[in-house]
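The values are calculated or read from the model by the stated rules, or taken from the named source; none is laboratory data. For clarity, every value in this text was computed on a predicted model and none was experimentally measured. Note: ideal-geometry Cβ built from the backbone for every residue, glycine included; neighbour counts use all protein chains shown.
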2 protein chains.
Amino acid sequence: MKLFDVVNVEDALSIIKSTFIQDLKVESVNLVDSFNRYLAKDIVSDINVPHFRKSTVDGYAVRFEDVISASTSNPTKLKLLGESQMGQVCKFDLDEDECVYVPTGAMIPLNAHGVIMMEYCDKLNDKEVYVQKNTLFNENIVEVGEDIKEDEILYKKGHLINERDLGVLAGANIKDVLVYKDLVVGIISTGDEILNINEEINDAKIKDINAYILYGQFKKMNLNPKIYPPVKDNLEDIINLMKQAINECDIVLISGGSSVGKKDETLKAIESFKNSKVFVEGIALKPGKPTIISSVENKLVVGLPGHPLSCAFVVESLIKPYINSLFECKEDKYIICEFEYNYHKSKGREEVLAVNIKNENNKVICMPIFSKSSTIKQFAKCDGYIRINRELEGVNKGDLVKVYLF
Amino acid sequence: MKLFDVVNVEDALSIIKSTFIQDLKVESVNLVDSFNRYLAKDIVSDINVPHFRKSTVDGYAVRFEDVISASTSNPTKLKLLGESQMGQVCKFDLDEDECVYVPTGAMIPLNAHGVIMMEYCDKLNDKEVYVQKNTLFNENIVEVGEDIKEDEILYKKGHLINERDLGVLAGANIKDVLVYKDLVVGIISTGDEILNINEEINDAKIKDINAYILYGQFKKMNLNPKIYPPVKDNLEDIINLMKQAINECDIVLISGGSSVGKKDETLKAIESFKNSKVFVEGIALKPGKPTIISSVENKLVVGLPGHPLSCAFVVESLIKPYINSLFECKEDKYIICEFEYNYHKSKGREEVLAVNIKNENNKVICMPIFSKSSTIKQFAKCDGYIRINRELEGVNKGDLVKVYLF
């Protein structure tokens, strides 16, 4: 039995980040298909939005000086030149004491200073309007480029396109978007006790749970997870499946088989490849210690713990931050909550605790869930998790903590 | 020009909920494809998980009474019967002063009371082990059904399957999941100034923005949005496109054309259908007032405001809660933040404010974004929004508010 060379989570992450600089593939997709994808290059707008001076109200476009003294008690009479049509270039030019009717969203005359809302105007007939209010410069007007400027960088490389971004991109005249191709993540569960989803439960065997949680985690990260059938603790079988997965995937994860006391087949399988290197054989994380980080044929191959919670938290702690850094995505979603429990831990290793959040007395409160690490139901119901620094000896009731939301 | 009959947001939502009781279609999908889908029926587990008594550690399974006096200074010698094999039924039965080696996850003898971790044991030879510790009942054991019980309701109808749920379902021997079929939501933008995504920008015309935000919003709700090409403000064209959309979709949304001052073509189009009824012609929401709620051929047809922000917030305020209620989904994700601004509003209508969140001095703070309602870039960047009750006259700096996250 080999003793682990345990490294800190940050060091493990640095090793992964500096060693596995993926050559990310890109693809151009239709605007709608860019939803929830990572941008592969900065997006620059070719146009001003709006590209014309636009009214934000239904009203009369006027010059500042013509309505300077207009009020309810002393309205100013203006000559109505006509109506600016939606979508059409406004051909009118204002001269002294002239106005043009402009509906919301239509173009205003080039030399108009403001638009007076209909409510403050009284149309006498097709040629004359009484205006009861003066105007500020650019009042009720959206200037050329006020929303988006030509040549402006709209989004940086690595940005994850949200639902509202689709509107911005549509407005900026963008039809196709260059995004990163989904990384393919191969998922292998090992163990004599692990059954394929289609096998009947028998003896003391259990269904493959880890593969499905990992699948969901990577789907959520917008990657392309690929579940392989679980493999028994047989070195040759593991090596063969690993070969196939390394060939078909960008990253390969193998859960189980990496804890002390179990046969250490994963490590042996990794080392059987000529072009392999093991960087880490254990991380200072609870749960998650029995984690192997290695390179096989220049691909990242990670041995994950067998317990579902541990497995999921190693992905949250190492693989997700690595993926985010690959995509140059800076997202780090957490909220601050008050911890509702006195929790003691040992110094020297980081801990991850699954928590539930509730709103109580106008405070956001979180409470750890307690369940054996081999059980899974409570974990599925929790809201997020906290990380407790390796130097700390615990968290006290009333402490403010960062909760990373699932 | 017709004056609006303005109703409160809650009343509008009640009308929609009570009138449009969709006959939701269901489908059975593979477990992995159930990720991010709504359950169409309760899921009941057919099995206990685990279905056998399982060790959570590598160690020796013992009876309580045999190790009652075991300690480091006075270890108890037990007869080692053998090893429980991973995945195999444990055939050993413990008699007086006997033990069995059990690896993590393997089955323990039926009459064992606890498992003593390897670290507290000393194996003399293949037949004898010194045990240096006593055991509690069920120590280091997961009982039959401790995670999931046979016949237990795992998830209620309407639950949105998350990444960890996939693991629970896999563990509970579930291969196929009955989920609701995606509702098809037809999206139509109207206006003489609106260009299709493939048209060249010209004159004072702008690209269709609303359709793309709506598309993203419904994708995020896991529905099936369908964008129709924008239609000019021409009654006949609107009626024809509406006919097609009502035929092809479960819900139809038409943005633009519903504000006072614009030609009220949407309303006319709706009323042109024999089997139509208009329920609401304006809601007490800012932004979002010019909203039409109607039934055409028994389908929900909503006229949305033309401004992107207003359009998006009406969907958040009316359509999303309606969809959630259809799927019996109780999710309502918000966090509590301190508002960083003195904001005044008029009584009588609800307001929705887009906000940005930041963590400052260990507090979660939010600040409204200010942008003209026809602009969109700032809106795309914000984190969420708050709702201010119609009875309130504003929010003060320092008030705690619920922020609904995008």
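Things to note:
- Filtering the stretch B:290-317 to residues that are within 13 Å of chain A (Cβ to nearest Cβ) and more than 15 Å from B:ILE188 (Cα to Cα) leaves B:PRO290, B:LEU309, B:SER310, B:PHE313, B:GLU316.
- Hey, B:ALA211 crowded, with 17+ Cβ neighbours inside 10 Å, among the small types (Gly, Ala, Ser), more than 7 Å from chain A (Cβ to nearest Cβ) and more than 30 Å from A:PHE379 (Cα to Cα) or not: yes
- Yes/no for A:ASP192 being within 12 Å of chain B (Cβ to nearest Cβ), part of a loop (DSSP other than H, G, I, E, B) and either under 30 Å from A:LYS299 (Cα atoms) or among the small types (Gly, Ala, Ser) (or both): yes
- Whichever residue in the stretch B:86-95 is under 41 Å from the mean Cα position of the chain (by Cα) and assigned to a loop (DSSP other than H, G, I, E, B) and, among such residues, is nearest to B:SER55 (Cα to Cα): B:MET86
- Odd one out for B:PRO229 among (1) surrounded by fewer than 20 Cβ atoms within 10 Å (Cβ to Cβ); (2) under 29 Å from B:LEU405 (Cα atoms); (3) modelled with pLDDT of 95 or more: (2)
Rundown of residues vs (1) of a type outside the set (Asp, Glu); (2) in a helix (DSSP H, G or I); (3) under 19 Å from the mean Cα position of the chain (by Cα); (4) buried (at least 17 other Cβ atoms within 10 Å of the Cβ), yes/no style:
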| residue | (1), (2), (3), (4) |
| --- | --- |
| B:LYS289 | yes, no, no, yes |
| B:ILE323 | yes, yes, yes, yes |
| B:GLU338 | no, no, no, no |
| B:GLY348 | yes, no, no, no |
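- Among residues of the stretch A:19-45 being modelled with pLDDT under 95 and surrounded by fewer than 14 Cβ atoms within 10 Å (Cβ to Cβ), the one that is farthest from B:ASN198 (Cα to Cα) is A:ILE21.
- Residue that is within 7 Å of another protein chain (Cβ to nearest Cβ) and either out of contact with any Ser or Thr (no Cβ under 8 Å at 6 or more places or on another chain) or not hydroxyl-bearing (Ser, Thr, Tyr) (or both), where the choices are A:LYS243, A:LYS205: A:LYS205
- With respect to being more than 30 Å from A:ASN196 (Cβ to Cβ) and either surrounded by 14 or more Cβ atoms within 10 Å (Cβ to Cβ) or in contact (Cβ under 8 Å) with a residue 12 or more places away in the chain (or both), B:LEU78 fits the description.
- For the stretch A:149-178, a residue qualifies if it is away from chain B (no Cβ under 14 Å) and either buried (at least 24 other Cβ atoms within 10 Å of the Cβ) or part of a loop (DSSP other than H, G, I, E, B) (or both), and the qualifying residues are A:ASP151, A:LYS157, A:GLY158.
- One residue alone among B:ILE336, B:ILE323 is out of contact with any Gly (no Cβ under 9 Å at 6 or more places or on another chain), of a type in the set (A, V, I, L, M, F, W, C) and within 13 Å of chain A (Cβ to nearest Cβ), and that residue is B:ILE336.
- Residue match in the stretch B:162-184 (condition: in contact with a Ser or Thr (Cβ under 8 Å, 6 or more places away or on another chain), basic (Lys, Arg) and over 30 Å from B:ILE319 (Cβ atoms)): no
- Among the candidates B:PHE279, B:PHE313, B:PHE273, residue that is surrounded by fewer than 23 Cβ atoms within 10 Å (Cβ to Cβ) and either closer than 15 Å to B:VAL9 by Cα or of a type in the set (Val, Ile, Thr) (or both): B:PHE279
- Residues in the stretch B:359-389 that are part of a loop (DSSP other than H, G, I, E, B) and among the β-branched types (Val, Ile, Thr) were compared, and the one that is nearest to A:ILE43 (Cα to Cα) is B:ILE376.
- Total residues in the stretch B:1-41, condition of a type in the set (Asp, Glu) and under 18 Å from B:ASP182 (Cα atoms): 3
- Qualifying residue in the stretch A:96-112 (condition: among the aromatic types (Phe, Trp, Tyr) and part of a strand (DSSP E or B)): yes
- Among residues of the stretch A:24-64 being hydrophobic (A, V, I, L, M, F, W, C) and more than 20 Å from the chain's Cα centre (by Cα), the one that is farthest from the other protein chains (Cβ to nearest Cβ) is A:PHE64.
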